[in-house]
Amino acid sequence: SRPFFRWALNTVIVASVVVVVQLMFSCFAAYAFSRFRFRGRRAGLLSLLLILMFPQILVTVALFQMFSIVGEVLPAFGLDTLPGYILIMLGGSLGQVYLIKGFFDTVPIELDEAAKIDGASHMQVFVRILLPLLQSILVISGLLVFVGVIGEFLLASIFLRSTDVKTIAVGMQGVLAADQSNNLGWFAAGSVVIAVPIILLFQYLQRYIVGGITSGAVKG
């Protein structure tokens, strides 16, 4: 069977959850590393950089064994389940910290201080002052994560085996491998169907990407 739209829906669900969670955690961590000075800050940044240098595929065997055990206790989060695969993909939730932190550093700290004088808390400064100024980098980071999750094949091919829970990359590869001579046209058509929404998404978000990061600071 070739439930193309089921695979596409699975991929969109996984990508959407991973984008939201990864941006949220990366933003919180980037804000802390950029705006606060605390013991262990430099060591934390270096440790994070060291961890990001190693690809996730290196821990595939450990993840497989871990989620085999988890599946016995919590079947909904075990192997061959979308929630389990989402948890695996969320292992890189701090993957955008360095990129976002760099843009946090470009926003003048005087904006934070002015807001705090007016009685704003750290959360209010973060949500109402900084995030609106960082729309461009959030969009870029979100697109990078979104496209990365859609194109992820290796881990998905290991952890997702049932037809109904496959992502689009694994499902289409399986169809092509089953009978390449007869399914090549279907594979090409499916690739176009997947590519068109991504291209349209890039076109729609282009205005946010092009906009200057601190343009909002001089308007208000």
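The values are calculated or read from the model by the stated rules, or taken from the named source; none is laboratory data. Everything numeric here is computed off the predicted structure, so don't read it as measured data. Neighbour counts run over all protein chains shown; Cβ positions are idealised from the backbone, glycine included. Heads up: the accessible areas ignore ligands, DNA and RNA and are worked out on the full protein's heavy atoms, side chains in. Shrake-Rupley method; radii C 1.70, N 1.55, O 1.52, S 1.80 Å.
With all protein chains present, how much of the accessible area of the chain (probe radius 1.4 Å) comes from carbon and sulfur, to the nearest whole percent?
On the way: 8590 of 12540 Å².
C and S fraction of accessible area: 68 percent.
Please compute the length gained on full extension between Ala177 and Gln56, using 0.36 nm multiplied by the number of residues separating them and subtracting their Cα-Cα distance. If you can, show how the numbers build up before the last one.
Working: separation 121, 0.36 × 121 = 43.56 nm, distance 2.52 nm.
Full-extension gain reported as 41.0 nm.
How big is the equivalent ellipsoid of the range 96-213 along its three axes, where each semi-axis is √(5λ) from the Cα gyration tensor, reported in whole Å from largest to smallest? List each step's numbers first, then the result.
On the way: eigenvalues 368, 50, 20 Å².
Semi-axis lengths for the range 96-213 are 43, 16, 10 Å.
In Å², and per residue, what accessible area does the range 80-220 have when probed at 1.4 Å with the other protein chains present?
Accessible area per residue, the range 80-220: 53 Å².
Determine the principal axes of the Cα atoms in the range 147-208, then give the extent along each, sorted from largest to smallest and rounded to whole angstroms.
42, 27, 17
Roughly speaking, what % of Cα-Cα pairs in the chain are separated by over 21 Å, rounded to a whole number? Intermediate results must be reported in sequence, preceding the final value.
On the way: 15232 of 24090 pairs.
Counting every Cα pair in the chain, those more than 21 Å apart make up 63 percent.
Determine the principal axes of the Cα atoms in the range 6-124, then give the extent along each, sorted from largest to smallest and rounded to whole angstroms.
Here the spans come out as 53, 31, 25 Å, largest first.
Convex hull over the alpha-carbon atoms of the range 66-133: what's its volume per residue in Å³?
Details: hull volume 8.3 nm³, N = 68.
Measuring per residue, one finds 122 Å³ for the Cα hull of the range 66-133.
Can you pull the three principal axis extents for the Cα set of the range 34-83, in Å, largest first?
In descending order, the Cα extents are 43, 21, 16 Å.
Asp164 to Arg37: FRET efficiency via 1/(1 + (r/R0)^6), r the Cβ-Cβ distance, R0 45 Å, to the nearest 0.05? Intermediate results must be reported in sequence, preceding the final value.
Numbers: r = 50 Å, r/R0 = 1.11.
It comes to 0.35.
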